[in-house]
Structure formats: structure tokens, C-alpha cells
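The values are calculated or read from the model by the stated rules, or taken from the named source; none is laboratory data. Keep in mind the model is a prediction, meaning the values are calculated, not measured. When we count neighbours, we look across all protein chains shown, and the Cβ atoms used for this are built from the backbone with ideal geometry, even at glycine. Heads up: the accessible areas ignore ligands, DNA and RNA and are worked out on the full protein's heavy atoms, side chains in. Shrake-Rupley method; radii C 1.70, N 1.55, O 1.52, S 1.80 Å.
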Amino acid sequence: MSKLSNLIEHIRRIALAVVDLIVRFKRSTEKLFLPHEGRVKPEGDIALDALTARFPRYLRAAPGHVVCGRGWYPLVWDLCTAIEALEHLAMPKVGTVQAEERLGGLFIKIDSPSLLVRELARDIEHKAAATCEECGAAGSLRLGHGFAKTLCPDHAKIRKRPYHKMGELEPGQKTRLLFLDAEFTDLEYPQLISIALVADSGESFYCELANGWSPVGCSGFVLQNVLPLLTGGEFMQERSYAGPRLSQWVTDFGCPVRVVSDAPRYDWVLMLDLLLEAVPVNLCPAPITFYSDSFPELVPLLQEARAKSLQSSEGSQHHALFDAQALREAWEVMRLNVHPAILDQYLRQY
Ligand SMILES: [Zn+2]
């Protein structure tokens, strides 16, 4: 038995080596004869558009078949090149290729009956397990609160940073409040799906993430109650775009801002994770936890305020933007009912 499996492993390696040779040959001919047609693999960073445009038959454009960090795009490129090369050698045509990050690993799904193609995919998956998903450098699995990621030491450091330093602020500057709500995949392994911030003065930020999560990782509750409410369209954005945009939105307040959240263990942590290295200096490093349960006498009022807010916005619960607006309304009710001295203490909590 072990002799047989040794033999199979041997054949597998030879087959992969042969494919590698074919790919190299294909690469050099493309470099020679088609250097300007976007067919040649770029050195270093690859844009998602360039990747999907190069292999339109396998990869649907974003947000579609490639749902992982850009550090893994070169691996997907290599895989598609290999498949293309095999097709030229009269292998049966391959359907779509899907590459998706899940629980720190790359999962590839290929519509093909060929064993060799599946072996190629498995090989790429194993390479991804040793490649930083953010930048493509050598990496390994890192575990943190709410995430499992394959990262290089540099990107792991950024993920780990628990707090950021707030910049120097002018004395007497008033702190503005931002009400936060986020939707995520699952309580056990939360991955951000959508995020909203509503300022005390009413301005809002909202986006839905095109990558970094997948329906497969969602709890039944989220599948049923959260995903159907997503707005989509222009609100659906890549994490690498949404993070800096959120950072800019917060920065533009030009004064200290502090986040109010009723679930900071999830929402706040996921927000910092989205901001990564772009945490604004005017963002207070600790959120205010809004424990509506701490004011039992206010509970009916708070519930009413939330219900009214949802009604007037014609939004639904479990949509981050409407929930953030409702949180703001509830806060307003609390603010009007508690003693100013108590409110002061509330605002000072760390
Ligand atoms: Zn990295």
C-alpha cells in the first residue's frame, strides 16, 4: 500500500514538474511574442482587474471568483497559466476557477474532471499556506481575535497592534461621537461583512465588503437575516479600498472623535482590523460601550427610539447603517434622561 502511495506521489511530482516546464515555456514565448497585450505576468503587485482580464474564461470579474488578498493573486495567475497551457495540449476545456480565502487558507474550486488540474490547484493551495495574503512575501498562519490569516512577520505585526496612539490635540477641543454598527459572519469566527458609522450630527459612512468573508463562513442567522438586506452596488467595496476611505472619513472631522458601540468586542475590533495601518490619529483609542441594559428604566424608551428610527428610515434591523442610526437615536434618549454628571462619567469610561 505504502509502495503504491509512494509511486502515486512520485507520479504526482513528475506531473507537476512537467506542467511547470510547460508553463515556463509558455511564459517565455508570451514575453517574446505578446509583450504588450496584458498577457505577461506583471512583476510584483498585480491588480485584480488585470488578473480577471487576463483569464476571462476562468475568472469572473470582481466581486466574483477571486476573493482573497492581493498577495495571492500571483498564485492564481500561475494556476490559470498552467490550466491554459494544458488546454493548449488538448486537455478537456476547463470551466470556471474560484479562489477564495477562508479561515486563513486558500480554497480553489475548479470546474474540471481532470485529476492533474485538481493536483495543480492543491499545489497552489499549499503554496498559499506559506505566502502572505497581503503582500506575497513568505508567511505563515497567524491567529488573532476574530481572524486567522496567513501573513508575513510585517503584516502580522500590523494586525497585532492592540492600540494606536492618538495625535496631539488642541486643548478644549470637543470630542465628537460616532455611532458604530457592523455586520459580520459568525460569533465564533467573525469576519466583517458591512460597517456603518453615524456621527452625532447625522453624517454617515456605510460600506459592504467585497472580500475578506464568504457566505460559507456565515451562521444560519446571518444567511437568513443579514445577507438578504445588503444594499450592494456602489456600496460593495474591496477591503483595500474601504479601509483607507473610512480612515479619510474619520480624519475629515478634524477634531477628536470617539466611537460608541453596543458590541465593541466585535464591531470595534473588526473596525480597527479594517483600518489596519490607517488608523486616524483623531480617533480615540477606546470606544464607549453603550450598555443599554444598564438603564432598565430606560429600556422601553430606548426600544421605542430604535423602533422609530428604523421605521422612519424604512430600514431594517441587521442592516449596519440602519442599526447605527438607531443606536444614535437610543443614545439621544439616554442623554436626555440621565443626569449630566452621569453622562460625563459615561463619556469618560475607558
Ligand atoms: Zn505581508
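Over 30 Å apart at the Cα level, from the set K3/K127; K149/K308; K3/K31; K31/K149; K93/K149, are K149/K308; K3/K31; K31/K149; K93/K149. Measuring between their Cα centroids, the stretch 1-19 and the stretch 91-115 lie 21 Å from each other.
Less than 5 angstrom separates the built amide H of V67 from those of A99, E100, E101, all sequence-distant by 5 or more or on a different chain. In order along the stretch 218-227, the phi-based Karplus estimate (6.51 cos²θ - 1.76 cosθ + 1.60, θ = phi - 60°) of 3J(HN,Hα) comes to 7, 6, x, 4, 5, 4, 7, 10, 9, 4 Hz; Gly and Pro are listed as x. Residue order by solvent-accessible surface for T185, T231 is T231, T185, largest first, with ligands and nucleic acids left out and a 1.4 Å probe. Contact order, relative form, for the stretch 169-348: 25 percent (alpha carbon pairs under 8 Å, 6 or more residues apart, mean separation divided by residue count). Summarising the amide proton neighbourhood of C132: residues at separation of 5 or more, or on other chains, whose placed amide H is nearer than 5 Å comprise A137, A138, G139, C152. Annotation: amide H-H contacts under 5 Å for C207 (H modelled 1.01 Å from N, sequence separation of 5 or more, or interchain): I195. In a fully extended conformation the segment linking F221 and N337 would gain 38.4 nm over its present Cα-Cα distance, using 0.36 nm per residue. The listed residues M271, M236, once ranked by accessible area (1.4 Å probe) with the largest placed first, stand as M236, M271. In the stretch 70-139, taking the dipole from charged Cβ atoms about the Cα centre, the farthest positive-side position among W72, C132, S114 is held by S114. Pairs of alpha-carbon atoms within less than 8 angstrom and 6+ residues apart define the contacts here; what relative contact order does the chain have, in percent? Relative CO of the chain lands at 12 percent. What is the distance, in nm, between label points placed 7 Å from the Cα along the Cα-to-Cβ direction at A50 and at K157? For the pair A50/K157, the computed spacing is 2.7 nm. Pop the C-beta distance of T175 and R60 into the FRET formula with R0 = 51 Å and round what comes out to the nearest 0.05. That pair, T175 with R60, gives E of 0.70.
Quote the relative contact order of the stretch 2-129 in percent (integer), defining contacts as alpha-carbon pairs under 8 Å separated by 6+ residues.
Working: 127 pairs, mean separation 27.9, N = 128.
Relative contact order comes out at 22 percent.
Between R118 and A15, the modelled labels are 1.0 nm apart [label points 7 Å from Cα along Cα→Cβ].
Net length available on complete extension from I8 to Q345 is 114.4 nm, with 0.36 nm assigned per residue and the Cα-Cα distance removed. Applying the Karplus relation 6.51 cos²θ - 1.76 cosθ + 1.60 with θ = phi - 60° to the stretch 136-141 yields 3J(HN,Hα) values of x, 6, 4, x, 8, 5 Hz, where x marks Gly and Pro.
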